[in-house]
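The values are calculated or read from the model by the stated rules, or taken from the named source; none is laboratory data. These figures come from a predicted structure and were not determined experimentally. Note that we place each Cβ from the backbone using ideal geometry, even for glycine, and neighbour counts take in every protein chain shown. For the accessible areas, the whole protein counts, side chains as well, though only heavy atoms, and no ligand, DNA or RNA atoms are used. Shrake-Rupley method; radii C 1.70, N 1.55, O 1.52, S 1.80 Å.
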Amino acid sequence: MQMIIANRLVDGRVVFMDADAAWVDSIEDGVLLESEAEADRLMGKATRAVEDCVIVEPYPIEVVVEDGKRRPVAAREAIRAFGPSVRTDQLVGSE
């Protein structure tokens, strides 16, 4: 399965395309694409959103659904979807 990910131009946030071709902040609210034809169709809408200066750099990502939760397959996309990989509670010298 795939989803379309991008960055919202106005604030730089990572966003996901939903079933209505709108842009949402949560991976859980994005649409799951099960075919290449569907991904191609929605990428066309994403390209128009780039032209309209709504988002930048849209592209499809591979996702899996585990225990009812969506997870990007690639580590880079997981970091983009869920935030930094640095755990501040484990910094050297922090108590």
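Counting only protein heavy atoms, what percent of the accessible surface of segment 13-53 is carbon or sulfur at a 1.4 Å probe? Walk me through the intermediate numbers first.
Numbers: 1040 of 2310 Å².
Carbon-and-sulfur percentage of accessible area, whole number: 45.
Could you provide, to the nearest whole Å², the per residue accessible area of the chain with probe 1.4 Å?
Accessible area per residue, the chain: 64 Å².
Among Val54, Met17, Ile27, which residue has its Cα furthest toward the positive end of the charge dipole of the chain, with +1 on Lys/Arg Cβ and -1 on Asp/Glu Cβ?
Looking along the dipole axis, the top candidate is Val54.
Round to the nearest 0.05 the FRET efficiency obtained for Leu32 and Asp52 when R0 = 25 Å and r is the Cβ-Cβ distance.
Between Leu32 and Asp52 the formula returns 0.55.
If you place +1 on the Cβ of every Lys and Arg, -1 on the Cβ of every Asp and Glu, and leave all else neutral, what size is the dipole of the chain about its Cα centre, to the nearest 20 Debye?
Dipole about the Cα centre, nearest 20: 220 debye.
For the peptides 3-12, 72-81, what is the packing order when you average, over each peptide's residues, the other Cβ atoms within 10 Å and list the highest mean first?
Working: 3-12: 16.3, 72-81: 14.5.
By packing density, highest mean first, the sequence is 3-12, 72-81.
Given the DSSP H assignment, sum -39500 (n - 2.57) over each helix run of at least 4 residues in the chain and divide by its residue total; what's the result at 222 nm in deg cm²/dmol, nearest 500?
-8000 deg cm²/dmol
Quick one: grab the alpha carbon gyration tensor of the chain, order the square roots of its eigenvalues as a ≥ b ≥ c, and give me rounded if a/c is under 1.5, else prolate or oblate depending on whether a/b is larger than b/c.
Values: a/c = 2.78, a/b = 1.58, b/c = 1.76.
Here the chain falls in the oblate category.
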